[in-house]
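First the structure, then my questions, so here it is.
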Amino acid sequence: MAALPGPETVEPPPAPRARRRTQSVGDLTLESGEVLEDVRVTYQAWGRLNADRSNAVLVLHALTGDSHVVGDRGPGQPTCGWWPGLIGPGAPLDTDEWCVIAPSVLGGCGGTTGPSSAAPDGRPYGSSFPRITVRDQVRAEALLADRLGIRSFALVVGGSVGGMRSLEWAASLPGRVRRCVVLAASAAASADQIAWSVPQQHAIRLDPAFHGGDYYPGPGPRAGLEIARQIAHATYRSAAELALRFGGDAQSGEDPLRGGRYAVQSYLEHHGKKLVRRFDANSYLALTEAMNSHDIGRGRGGVEAALRRITAELTVAVVSSDRLFTPAEGERVAAAPACRELAVIDSPYGHDAFLIETEQVFGIIARALGSPARAEVQPPRPRLVETGPR
């Protein structure tokens, strides 16, 4: 396995600023038949639409991300952008050429309608927020595109759960996607992925502060959400990387034989605490349940039949060490007749490589857009320990 690099000291170029905007998209009929009233979608945009609105690019975030793809922290924005270097003048998504749209997902807590939003009675939805699916999330994004006058996207790109939505866009709305990049995702949620999510959901629901999902305005099930994130984060990294970084070592200054922690234990606890400072537990439940529902073949004659619906130029990327969305699952997506490239992101970092290995990822995106020169650009490598929201 490749040796793990130390932190880089080179800073990426300043990211272009884009303020958050919220657009009402009307009522949304869910896959279940239930109607979610007066849905609002929060998004950020970089660059300008051209006269015929043909230069729009849609970037879709992962599980606990949001619309803040690039940029610094700021008011109402607790995290830095999760794909620094992707968007801006001369970047892989060059804002002199492309207008980049990044919505926060339906069911999340990034401003788009979710469990903490006000229901028609004025109180937070809480336990009354309906069960949603990946297809529902894509429909909400399509309604946003309608409001913005965007008939089709030059590119739809996302990683992990964002990759699920990218693929669903291509299968559900083939006439509205000209190119599609699916990073570290699958055609349908696997039994293994669902199995990992079950104890995460139980940890939240069994927290005494959950109150059946109606815990607003209180802090809610913070301990349960911390545990859920610890479980999830262990699947985001490879076993080999955790062994190399931590092994069975004790946390500095602590002795596990006397009640202290292991280094890897401290690492997971750190990421659990980071999440509860910025994320809503009900949204975590809604989004993991939506992820579990993912199956582009549902009602379409199976996955292979659904893949044949895709008309966009499809690029699929897998991570060599990903144990959550395995390379085999990406290869299944790449069997689509529309697939132009199956790229392997060679990395020891596991699933998180779609956020960490920006040199490789941005090259894949640039090739999908037909920009060979930009495919060779190598932005500064992010620090190993911290990754953006996923």
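The values are calculated or read from the model by the stated rules, or taken from the named source; none is laboratory data. Since the model is a prediction, treat every value here as computed from it, not as a measurement. All Cβ positions, glycine included, derive from the backbone under ideal geometry; neighbour counts span all protein chains shown.
On the given criteria, is Gly107 part of a loop (DSSP other than H, G, I, E, B), touching a residue at least 60 places away in the same chain (Cβ under 8 Å) and on the phi > 0 side of the Ramachandran plot?
So Gly107 fits the description; yes.
From Val69, Val156, grab the single residue that is in a strand (DSSP E or B) and either polar (S, T, N, Q) or at pLDDT 95 or above (or both). Can you show your working first?
On the way: Val69 fails: in a strand (DSSP E or B).
Just a single option satisfies the conditions, and that option is Val156.
Considering only residues that are surrounded by 14 or more Cβ atoms within 10 Å (Cβ to Cβ) and more than 16 Å from Leu287 (Cβ to Cβ), which ones fall in region 211-220?
His211, Asp214, Tyr215, Tyr216
Continuing with the same structure: Exactly one of these conditions fails for Ala240: (1) within 21 Å of Gly114 (Cβ to Cβ); (2) of a type in the set (A, V, I, L, M, F, W, C); (3) in contact (Cβ under 8 Å) with a residue 40 or more places away in the chain; (4) surrounded by fewer than 20 Cβ atoms within 10 Å (Cβ to Cβ). Give me its number.
Among (1) within 21 Å of Gly114 (Cβ to Cβ); (2) of a type in the set (A, V, I, L, M, F, W, C); (3) in contact (Cβ under 8 Å) with a residue 40 or more places away in the chain; (4) surrounded by fewer than 20 Cβ atoms within 10 Å (Cβ to Cβ), the lone unmet condition for Ala240 is (1).
Which of the residues that make up region 206-239 are part of a loop (DSSP other than H, G, I, E, B), farther than 14 Å from Pro124 by Cβ and under 24 Å from the mean Cα position of the chain (by Cα)?
Pro221, Arg237, Ser238
Testing Val198 on (1) of a type in the set (Val, Ile, Thr); (2) in contact (Cβ under 8 Å) with a residue 12 or more places away in the chain; (3) surrounded by fewer than 19 Cβ atoms within 10 Å (Cβ to Cβ), one condition comes back false. Which one is that?
(2)
Counting just the residues of region 30-55 that are more than 23 Å from the chain's Cα centre (by Cα) and free of Cβ contacts under 8 Å to residues at least 60 places away in the same chain, which one comes out nearest to Gly88 (Cα to Cα)?
Ranking the candidates gives Arg48 first.
Sticking with this one: Residue by residue through region 72-99, note down the ones that are touching a residue at least 40 places away in the same chain (Cβ under 8 Å) and in a strand (DSSP E or B).
Correct list: Gln77, Ile87, Gly88, Leu93, Asp94, Cys99.
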